[in-house]
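Comments concern the structure below.
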Amino acid sequence: MFFPKKTSTSTKDYSAEIDRLKNEIETADAILIGAGAGLSTAAGFTYSGERFETYFADFIEKYGFRDMYSGGFYPFATWEEHWAYWSRYIHINRYLDADNGTYRRLFDLVKDKDYFVLTTNVDHQFQKAGFDKHRLFYTQGDYGLFQCSEPCCQETYDNEACIQAMLEQQQNMRIPTELIPHCPKCGKPMAMNLRADDTFVQDEGWYRAAERYEDFLRRHENLHILFLELGVGYNTPAIIKYLFWQMTAKNPRAVYACVNFGEALCPEQIRSQAICIDADIHTILEQ
């Protein structure tokens, strides 16, 4: 068992830690990347500030939204306005190319290794950067997929064409009524395939990815594996962070590395196996 109060954080002098991380990337038998929202933030996918104000000025003026994320939970009065907001949201975070090179640099560092990616991110940036889709497990969904809001079935649907039409045809913060997406099986309104409650659809692709992830863990049990955690916070720590700590503690050949601005820490129980770097992920990957 781990105790949050007994943790170690990195120092501001992390040149030696960067050297250790580079060596582990080069020498590890395998690398399991655990990626959270902080990685996409480092890549330029910010949800507040100038980027938010550029695309949502009208919604900010009308509703006083302070950031893109919180606006996504607002109970809009009509589906037309709901999808006007969400089509912009999905477009800039899923289909618009905005990566500042962070994901591509990460891919360059691991592409010749036996790697796998476990992520709570839903923005598809790993595949855009060149990562093999068969080495990815998106546990929390995908901005690029619709599902039935009921849901009446465990299926998901690609939304790119629909989102593009919404984006092009919306006026006065509303999309045309005929563009409101409905489930092709039961006719109920569609929802985003994002894990927010017990209606989240885990489709066939989700289960295949989960199986590949479990197989990766089995194949590398007790080997020299690098658990590389990037930008993982405490919204859902059990999916990546706590799991990485536990697997490191069970394997004396494993190394746990955490790069996270403001939240780079580890339990004392694995300190000798850990690399903690409290800094911007983009900067560290470049170095």
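No lab work stands behind these numbers, since they all come straight from the coordinates. The structure displayed is predicted, hence computed values, not measured ones. For neighbour counting, all protein chains shown are included, and Cβ atoms are generated from backbone atoms with ideal geometry for every residue, glycine included.
With contacts taken as Cα pairs under 8 Å at a separation of at least 6 residues, the range 150-287 carries a relative contact order of 16 percent. Sketch the reach of a paramagnetic label on T199 as a point 7 Å from Cα along Cα-to-Cβ, and name the residues of the range 113-140 whose backbone nitrogen lies under 12 Å away. Label zone hits: none.
So how strong a dipole does the range 1-158 carry about its Cα centre when Lys and Arg Cβ are +1 and Asp and Glu Cβ are -1, to the nearest 20 debye?
Values: 17 positive and 24 negative charges, 95 e Å.
Rounded to the nearest 20 debye, it is 460 debye.
A cut-off under 11 angstrom between Cβ atoms defines the neighbours of I284, and their net charge, with Lys, Arg +1 and Asp, Glu -1, is -2.
Counted by Cβ distance under 12 Å from R105, the other residues give a net charge of -1, where Lys and Arg count +1 and Asp and Glu count -1. Amide H contacts under 5 Å for C276: C258, restricted to partners 5 or more places along the chain or on a different chain, H placed in the peptide plane at 1.01 Å from N.
Multiply the residue separation of A77 and E211 by 0.36 nm, subtract the distance between their alpha-carbon atoms, and state the gained length in nm to one decimal.
Details: separation 134, 0.36 × 134 = 48.24 nm, distance 4.06 nm.
Computed gain between A77 and E211 is 44.2 nm.
In the elastic network of the chain, a GNM with C-alpha springs shorter than 10 Å, the most mobile of G233, G141, G64 is G64.
Under the criterion of Cα pairs below 8 Å and six or more residues apart, the relative contact order for the range 78-140 equals 33 percent. Relative to the current alpha-carbon distance between I180 and I18, full extension at 0.36 nm per residue lengthens the span by 53.4 nm.
Provide the FRET efficiency to the nearest 0.05 for the D112-R51 pair, computing r from the beta carbons and using R0 = 35 Å.
That gives a FRET efficiency of 0.55.
Each of F65, A249, I25 was scored by the projection of its Cα onto the charge dipole of the chain, and the greatest displacement toward the positive side belongs to A249; charges sit on the C-beta of Lys, Arg, Asp and Glu.
Among V117, V122, V259, which comes first, second and so on when ranked by fewest other beta-carbon atoms within 10 Å? Could the numbers behind the result be given before it?
Values: V117 27, V122 23, V259 30.
Ordered by Cβ neighbours within 10 Å, fewest first: V122, V117, V259.
Taken about its Cα centre, the chain carries a charge dipole of roughly 660 debye when the Cβ of each Lys and Arg holds +1 and the Cβ of each Asp and Glu holds -1.
So if we plug the beta-carbon distance of A238 and E26 into 1/(1 + (r/R0)^6) with R0 = 35 Å, what FRET efficiency do we get, rounded to 0.05?
Efficiency computed from Cβ-Cβ geometry: 0.70.
Look at the Cα gyration tensor of the range 69-111: its axes a ≥ b ≥ c give a/c of at least 1.5 with a/b over b/c, and that counts as prolate. Only Lys, Arg, Asp and Glu carry charge here, each on its Cβ (+1 for the first two, -1 for the last two); on that basis the range 207-287 has a dipole of about 360 debye about its Cα centre. Pairs from the table (K128/K241; K22/K113; K111/K133; K133/K185) lying more than 18 angstrom apart at Cα are K128/K241; K133/K185.
Using a Gaussian network model of the chain in which every pair of alpha carbons under 10 angstrom is joined by a spring, one finds that among N172, N93, N260 the greatest mean-square fluctuation is at N172.
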